[in-house]
Structure formats: C-alpha cells, structure tokens
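Engineer: Starting off with a structure, shown below.
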Amino acid sequence: MSSAADAEPSAAIAIRGARVHNLRNVDLDVPRHRLVVLTGVSGSGKSSLAFDTIFAEGQRRYIECLSSYARQFLDQLERPDVDQIDGLPPTVAIDQRAGQSSPRSTVGTLTEINDYLRLMYSRLGAPHCPNCGLPIHSQTPEQMAATVMAFPPGRRLMVLAPLVRAKKGAHAEVFQAIRRAGLIRARVDGEVVEVADEPPKLAKTKNHSIDAVVDRLVIREGIGPRLAESLNMALKLSEGLVTITAEVDGAWQDHLLSIHLACPGCGTSLPTLEPRAFSFNSPQGACPTCEGLGIVPDGSIEGEGDDDEIPCPDCQGSRLRPETRSVRIDGRSIDQVFDMAIDEASGFFERLRFAEADQAVATPLLREIQGRISFMSNVGLGYLALGRGSRTLSGGELQRVRLATQLGSGLVGVCYVLDEPTTGLHPRDTGRLLAGLRDLEAQGNSVLVVEHDEAVIRAADWIVDIGPGAGPDGGTIVDSGTPDHIASSSVSITGRYLRGDVPTTRRQTERLGQTPGWITIRGASVHNLKGDEARIPLGTLTCVTGVSGSGKSTLVHDVLARGFRRRDRPSARELPGLGQIEGWEPLTALIEVDQSPIGRTPRSTPATFTGVFDQIRRVFATTREARMRGYGAPRFSFNVKGGHCETCEGQGRRRIPMQFLPDLFVVCEECQGKRFNRQTLEVLFKDKSIGDVLNLRVDEARAFFDAQPRVLPGLIALHDVGLGYLTLGQSSTTLSGGEAQRVKLAAQLGRPTFGKNLYILDEPTTGLHFADIDRLLAILHRLADQGETLVVIEHNLDVIATADWVIDLGPDAGGNGGRIVAMGPPDAIAKSPESLTGRYLNDRPPK
C-alpha cells in the first residue's frame, strides 16, 4: 500500500483508529490540497469515513470555536468514534440530500445570484408603468435644473405644470386654479391659450390635457435662479411633476420630469425601489395572489400531486408583483432574467453597459453575478434557469449548484467532501466537472470525493479503496495510492475493473423481437422538447440518454409519467405540451422509482417503507409474552403511544434546535435509541427485543427470520438490490439518493404484482460501484423477462449497452436540446454519427 504521508510528508490528514459504523479501526493518511477519491462497493464504509468521520469531526471542531450557547450542547453531540485526526482543515460537505425543501428556494437563491440582482435592479433599474408601459423617472429639483441647462444655448423652452392628463370634462376649476397662481397662459390639448380673462370652453364628453405655462425661457448664462424658481412653482402646482417643452427645428418636444415614481400618463405610483421589492420572499415584492410561490391550486380537478397546481394567473408564475416586473435593465425585467438559462444569462450580463456615473455600483455587482454564472456553466449546469425551483432539481444537479456556490465563495484552506458529483452527468460533461474540482484545489483547498465514475477515479491524484465487501465485510482500507498504483493492485476490486480484468458480458435478449406493442409519444413540447416522435417497446428495458439538460426527465417524468397518471382521470384538464400518447392500454399501473427521500424524519426506515416492519410487528404480537400482556401488533409500532418511548416519541433521537445552524439530533437518553419503552422491550422473540431487531442489518435479519415466510420476501428484495448492509431501523434521512431509490425498488420487488406495469427509474446506478451494477442489471432484466416495461434514465455506459432499446436526446442542453437524435438498439446508437452517447458507446472498451 502506498503511503500518503510519504507522498505528502507535511500535508496529510492523519486518521488513526476510525471505528464509525462498520469502519474497523482504520488508520489512513489522506493527502491535503489534492483531489482524493474514495471508492469501493456500496456499504463498504466510504460515507462513514468521508462524511461521518472526517466531515463530522471538522464540524465538531468548528462548533467548539463558537459561543457558549453552542458549546452547551457539545456534551450531547455524538463525537466520531476515532482515536485521533491530525492535520484536519475546516470541512464543508456538499452532498445530494434535498436539504432545502422550501418551494421558495431556487437556483438563484441557492447561488446568491438573486441577492446581487435585487440590489442591481433597485439601484440601477429603470422603472416603467405597470399599466401603460411608459418610462418613469424620479429627479430632485436640482437634477431637473441641470437637465434643462444641458440644452444648447439659445434653445427656446417652456416650463409647464401638468394638471390634467387625458381626462373628460370642462375643467373650469383647473383654469381658476391657474389664474389664482398668477399665471396667464395654459397649454390646452397642445395649443397655448390665454386664460387671464376668459378661459376656453371645453367639451365635457372629450378627453383633454391641460398644462399651466409657468415660464418661457431661452437658454443662456444667468437664468439659473429664474429657472429654479419656475421649476419649484411648477412642481408645487402639479404635486411633483413638471414638463419641459423645448423647440427643436420648429417643433416642440416634451420632457416630463418628476420627483415621484409616478406614471406621467395614468398617474400610477410605484413604491420606492428597495432590494426587498424584488424578492418573492418578501411581502413588498411577492405577488399577492400566490404569495410569491408562482403556483396556485387547480380547482378544476381532484387528486394529489403536482397535477393539482397551475401557474398563478396574475403573475404567470413569475412570483412577483406587477410593479416589480415593470422595472427594467437593458429592456429586461428581473423575472425575465430569472427565466433565462444560465448560458443565456451569461451573454446578457456580458453585454450590459452602464453610464459612467453608475459604474461604482454596477462593477462589483456584475463581477459577483458573472463569476457565479461562469462557475455554473463550468460544472455543466448552463441549461438551468435561475428561477428553477430547487425541489425540481435532481440530487446531482443540486450538488453541483452547491459546488458552484462554493467555487464562487473564494474560501481557502478548506476540505471539501463531495458525494458522487457526477450523478446525472453525461460522459461528455464529466471533464467540465473535473475542471471545477481542480479549480477548488487550485484555490488552496483539499477535495475529497466519494465516487464510482471511472473517469473521475482515473483523474484523481490519490485513491482510497475501501472494502472488500459491504457492512461487516467492509470497513477496511483495501489499498490506497495513485491511480496507477490501484490499477496494478492485486487486492483491489476497483483495480481489477480499472485494468479490465473483470469481463462484463453484454446480455443479448430476444425481448425486442417479441414485444407485444409500442408506446408512441407524438408532439410533446413541454419545456425544451421539440415534438419528435418517441417509441418505447413494451416488455423491454429502454434507456433514455443524452447530455444533462437535453430533455430526458422532461420526456420521461413530465410527459410519459404525468400523462399516465392522468389517463384515467377524465375530469383532469388538458395540459399543453403533453402531445398524444398511444399504445399504453396493456399497462396496468405506473411504478416510479426515483431518488427522492423515502421520508424526511427518523420515523421513516427501510423496514417501514418496504412493509417488512408490519410483518415483524405481527411476529412479535404472536409471542407468548405479548399474548399474556395483551399486546397486539400496534404495540410494537414506534409511531403509536403506549408502546414507544415517550421521551423521544419513538424516534430514538431528540431534536435540538440550533438557531444559527441546522437542527441537531442526539440519541435519546431514556431508550438509548431503541425507540420503545421498557415494557415493550421486555417482549422477546428468539432472545431479541423489537428494538434489537431494528438494529439488525438486512442480511442478519434474513437469517434471523428464516422461518417467517411473510417477513422474508421484503428482506430478500432489499438484499437483491444490494442493500443487505443497511439496518432495518436506519433513518431515511441518512440514506443517499441512490440508496433511497433502491429501497423503493425493493419495496416493489417484495410485493405481489398484478398485470403488467410501467416502471420508471431515474439513474438507478447512483451510488453503485462497478461490482454492484452487475447485480442491479440482473434485477432489471429479471423484471423485463417477466413482461414488465422499464424506462430508465441513465448515463452509465454498461447499463445503456445492455438495454433492449435506447432513446438518445440532444444534441445539446436547454434550447439546443429536446430533439431525438437517435433511437434504436444500442448497436444502432453506437453507429449514429449524430449521437454523443453513441460516440462514447463506440469508444467504450470491449468487456
């Protein structure tokens, strides 16, 4: 085994005696200021070392430096089970967990671009009337005088006080007010008339405009005092408005000036421009109808899910008030900038030019905005809009948004810990991600990445291979060193794959030729889709591929899945862009297996989600002790009063609110994390309490319940998807996106199915080592062999190569994507000259 300490004698994170979770007294030196990849099979201990040991200890040391308010909780914080860590810099974790679930969170708010935009629009924006669209300007009397004196010498002009703007009536009282002010002339409907003796008679049924003529001047030296006096009088008469009309080439041209933000045409007033007026999270800026959410309930249909929400009819989904949307920079309102894709916004800001007087404000704001936008493009997110809700982002996209934020933060001397940042990335985009990681390193930081992508592993400075197996069969450092060292290692499973010693036979099936029919999608135009026809064979494994942002999720989730959910709901309104979908009549149900969390609290676990725990509770209820005490199955639920621990209410942990940090969870001191009260824990099955069973790993539970036929199917399914290392009671909040997806897949495998179903999976290889992908492929092919129809969004070339059918979208992202570049079996895709995916399939070494 190579030594990081030897390679970097004075710059290593020295870990001694790490025993968190399944780590077995690990000793390791990790080079600092380098790109280090931790790899190994699922459950081998990568996250335990990276996040639960290195990051957790860094966070604990940070909290130690805080105020006494924070330190009073330190005794309750669970310190990582490690003897010693030396050379550990401050740590920052960038993972794939949803974190902010607020519907108000967007790409712009996450990256802080919105903050700079709000400041820019409040200081440099040009307000317009939200009703009639006329420009609105606000000036002090001194600024007005300077504007007038800028006219060339000799220019004739009049100072007018606008009193009536296009209103019906005779307006006799207006002429009386002009005479009381000591003035003798007025401009009525564009013509100057005398009003001292007999005011003009106006038709009551017509619109009229009336201005009092305050003064007539010729621009020359020495008129400044007279001009100032005339301006003040006009402003007083018209309550803050003045019209300067100047003679140019024999014609008179009006220039309206105002001390207020009020429309000169219709009188609509605007509030003072402040940054909060441009925030949809502030009452001053949020649309009052949708309260800044951009969506409202759709009362036309009944049901659950996002089908019940439509864009707000008042703000058209922009989230902002009309007054806010009327302020423009270079002709664009702030909500129009929110709607721009990152790459489009980059061009917009590069073209922006401001007056010299505004440069002091504009320059630093543009620098911050352009820097963050550049970082977003560099990590392959140029297709995302600034206003895109964070809840709609995949785990990989969310992590890369956070990565872009860190790239723009300028932190130095930090250890960044990342969890599979290549998730959701096409092979073409991996190089751009690596460039972003190298930028972090070049700024003087250490970059520690949990990763399985072959390109990232080969590009690393140092590799730590953990294993050799999962759970208790892992937790050791199999080998560590440079990529060349790992590739030549005789003990590393990763090394065997890197040097091509593990053959992967492409599975050739006859399913495509035996398909009972096809799903056909025509004319879909949601988001960036261009309406091309997509065909999906029934009873097969179909992969939908393409670069990030090419339209894969839109086609599969927003068109196919959404249309399927609505096909049996005649009351549902027609949604624009879905097109026509035919041929899905043989399918009974839709089963979506995505990466969203299986629950957001410790109450949700793999056992409860898959239904295994329901059967386990019934087993405990049939024991002799339970029958004697009168305990039924509900007694053994940690969500029911009477059986669970009242101190933690069955969660096994207590939440400690931290006003300046995310809430902390600590082990309940009453039940020691077992979730149940003493009386419930006294009931034993095979010498274990219900709390003990929740601490069993899936593979241990299979042996423990080997004689319980109702419990076994769910446990076998969890094992088959590669999750045998999870404990039955592991909190859903600790699962990665890939693990959550495989728990959902296991839940389906463990249940009896009726009819033929449509399975939709979104990157099921997330979190999987080379060795785990073979196991996943066996499950997917087993389902297809049973006649199920599987549609899988995937970038992994091994999965794509073994599919029956491929739909490749592109050719690029955003507006340059949305077309079906190629469609057919993998071999046909590999031969397509237009397909980027085909190019990588073709270059893929034979296995």
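All of the numbers you see were taken from the coordinates with simple rules; none came from a lab. Only a predicted model underlies this, so the values are computations on that prediction, with no experimental measurement involved. As a convention, Cβ positions derive from the backbone with ideal geometry for all residues, glycine included, and neighbour counts pool all protein chains shown.
Engineer: Just the number, please: percent antiparallel of the DSSP beta bridges in the chain, rounded to the nearest 5. Before the final figure, lay out each step's value.
Structural biologist: Working: 74 of 111 bridges.
So the antiparallel bridges in the chain amount to around 65 percent.
Engineer: While we're looking at this one, here's another question. Suppose every Lys and Arg Cβ carries +1 and every Asp and Glu Cβ carries -1, with no other charges. What dipole size does segment 601-729 come out with about its Cα centre, to the nearest 20 debye? Don't skip to the end; give the middle numbers.
Structural biologist: Working: 19 positive and 14 negative charges, 77 e Å.
Computed about the Cα centre, the dipole is about 360 debye.
Engineer: Same structure, new question: Using each residue's phi in segment 671-686, evaluate 6.51 cos²θ - 1.76 cosθ + 1.60 at θ = phi - 60° and report the 3J(HN,Hα) Karplus result to the nearest Hz, with x for Gly and Pro.
Structural biologist: 9, 6, x, 8, 6, 10, 7, 4, 5, 5, 6, 6, 7, 10, 10, 6
Engineer: Compute the distance in nm between two label points, each set 7 Å from the Cα along the Cα-to-Cβ direction, one at D484 and one at Q143.
Structural biologist: Each label point is offset 7 Å from its Cα along the Cβ direction, giving 6.6 nm.
Engineer: Can you tell which of N445, V401, P421 lies farthest toward the positive end of the dipole of segment 394-504, using +1 and -1 charges on the Cβ of basic and acidic side chains (Lys, Arg; Asp, Glu)?
Structural biologist: Most positive-ward Cα: V401.
Engineer: Stokes-Einstein D for segment 601-729 at 4 °C, 1.567 mPa s, Kirkwood Rh over Cα pairs, in µm²/s?
Structural biologist: Numbers: Rh = 15.1 Å.
Stokes-Einstein gives a translational diffusion coefficient of 86 µm²/s.
Engineer: To continue, here is another question. Give the angle, between 0 and 90 degrees and rounded to the nearest 10, that separates the Cα long axis of helix 737-749 from the longest principal axis of the Cα atoms of the chain.
Structural biologist: So the helix axis and the longest Cα principal axis differ by about 60 degrees.
Engineer: How much length is gained on full extension from E191 to Q316, taking 0.36 nm per residue of separation minus their Cα-Cα distance?
Structural biologist: Values: separation 125, 0.36 × 125 = 45.00 nm, distance 4.30 nm.
Result for the pair: 40.7 nm of gain on full extension.
Engineer: Across bins of 10 angstrom width beginning at 0, how are the C-alpha pair distances of the chain distributed, in whole percent?
Structural biologist: Computed distribution, short to long bins: 2, 11, 17, 20, 18, 12, 7, 6, 5, 2, 0, 0.
Engineer: At R535 and R654, where each label point lies 7 Å from the Cα along Cα→Cβ, what is the point-to-point distance in nanometres?
Structural biologist: 6.5 nm
Engineer: State the extension gain, in nm to one decimal, for the chain segment bounded by F348 and R220, taking 0.36 nm per residue of separation less the distance between their alpha-carbons. Before the final figure, lay out each step's value.
Structural biologist: Details: separation 128, 0.36 × 128 = 46.08 nm, distance 4.23 nm.
Here the answer is 41.8 nm.
Engineer: Along the positive direction of the dipole of the chain (beta-carbon charges: Lys, Arg +1; Asp, Glu -1; about the Cα centre), which of T765, W252, V821 reaches farthest?
Structural biologist: Of the options given, the answer is W252.
Engineer: Positive end of the dipole of the chain, charges at C-beta (+1 Lys, Arg; -1 Asp, Glu), about the Cα centre: which of P634, G750, L718 has its Cα farthest in that direction?
Structural biologist: Farthest towards the positive end: P634.
Engineer: For segment 713-828, what are Rg and Dmax over the alpha carbons, in angstrom?
Structural biologist: For segment 713-828, the Cα radius of gyration and maximum Cα-Cα distance read 15.7, 46 Å.
Engineer: Here is a follow-up. Starting from the Kirkwood radius over alpha-carbon pairs of segment 488-645, derive D by Stokes-Einstein at 20 °C in a medium of 1.002 mPa s and give it in µm² s⁻¹. Kindly include the intermediate steps, with their values, before the conclusion.
Structural biologist: Working: Rh = 21.1 Å.
Answer from the Stokes-Einstein relation: 102 µm²/s.
Engineer: Segment 524-589: D in µm²/s via Stokes-Einstein (Kirkwood Rh, Cα pairs, 37 °C, 0.692 mPa s)?
Structural biologist: Values: Rh = 12.9 Å.
Diffusion coefficient, whole number: 254 µm²/s.
Engineer: State the extension gain, in nm to one decimal, for the chain segment bounded by A355 and A455, taking 0.36 nm per residue of separation less the distance between their alpha-carbons.
Structural biologist: On the way: separation 100, 0.36 × 100 = 36.00 nm, distance 4.73 nm.
Taking 0.36 nm per residue and subtracting the Cα distance, the gain is 31.3 nm.
Engineer: How large is the dipole of segment 93-246 about the Cα centre if only Lys and Arg carry +1 and Asp and Glu carry -1, each at its Cβ, rounded to the nearest 20 debye? Each step should come with its number before you reach the end.
Structural biologist: Numbers: 20 positive and 15 negative charges, 72 e Å.
The calculated dipole for segment 93-246 is roughly 340 debye.
Engineer: Something else about it: Across bins of 5 angstrom width beginning at 0, how are the C-alpha pair distances of segment 337-487 distributed, in whole percent?
Structural biologist: Per 5 Å bin, starting at zero, the Cα-Cα P(r) for segment 337-487 comes out as 2, 8, 15, 18, 17, 14, 10, 6, 4, 3, 1, 1, 0, 0 percent.
Engineer: Still on this structure: For segment 141-258, what class follows from the C-alpha gyration tensor (a ≥ b ≥ c being the square roots of its eigenvalues): rounded when a/c is under 1.5, otherwise prolate if a/b is larger than b/c, else oblate? Please report the intermediate quantities before stating the final value.
Structural biologist: Details: a/c = 1.98, a/b = 1.74, b/c = 1.14.
Prolate is the answer for segment 141-258, as a/c is 1.5 or above and a/b outweighs b/c.
Engineer: OK, next. 7 Å from Cα along Cα→Cβ at both R24 and S102: what's the point-to-point distance in nm?
Structural biologist: 4.6 nm
Engineer: Shifting gears a bit: Expressed as an acute angle from 0 to 90° and rounded to the nearest 10, what is the orientation of the C-alpha long axis of helix 427-442 relative to the principal long axis of the chain?
Structural biologist: 80 degrees
Engineer: Please state the charge dipole magnitude for the chain, taken about the Cα centre, from unit charges on C-beta atoms (+1 on K and R, -1 on D and E), reported in debye and rounded to the nearest 20. The partial results should precede the final answer.
Structural biologist: Values: 94 positive and 104 negative charges, 343 e Å.
Here the chain has a charge dipole of around 1640 debye.
Engineer: Divide by every residue of the chain the summed helix terms, -39500 (n - 2.57) for each DSSP H run of at least 4, and state the resulting mean residue ellipticity at 222 nm, rounded to the nearest 500 deg cm²/dmol. Working shown, then result.
Structural biologist: On the way: 31 runs with 253 residues, N = 847.
Calculated from helices alone, the mean residue ellipticity at 222 nm is -8000 deg cm²/dmol.
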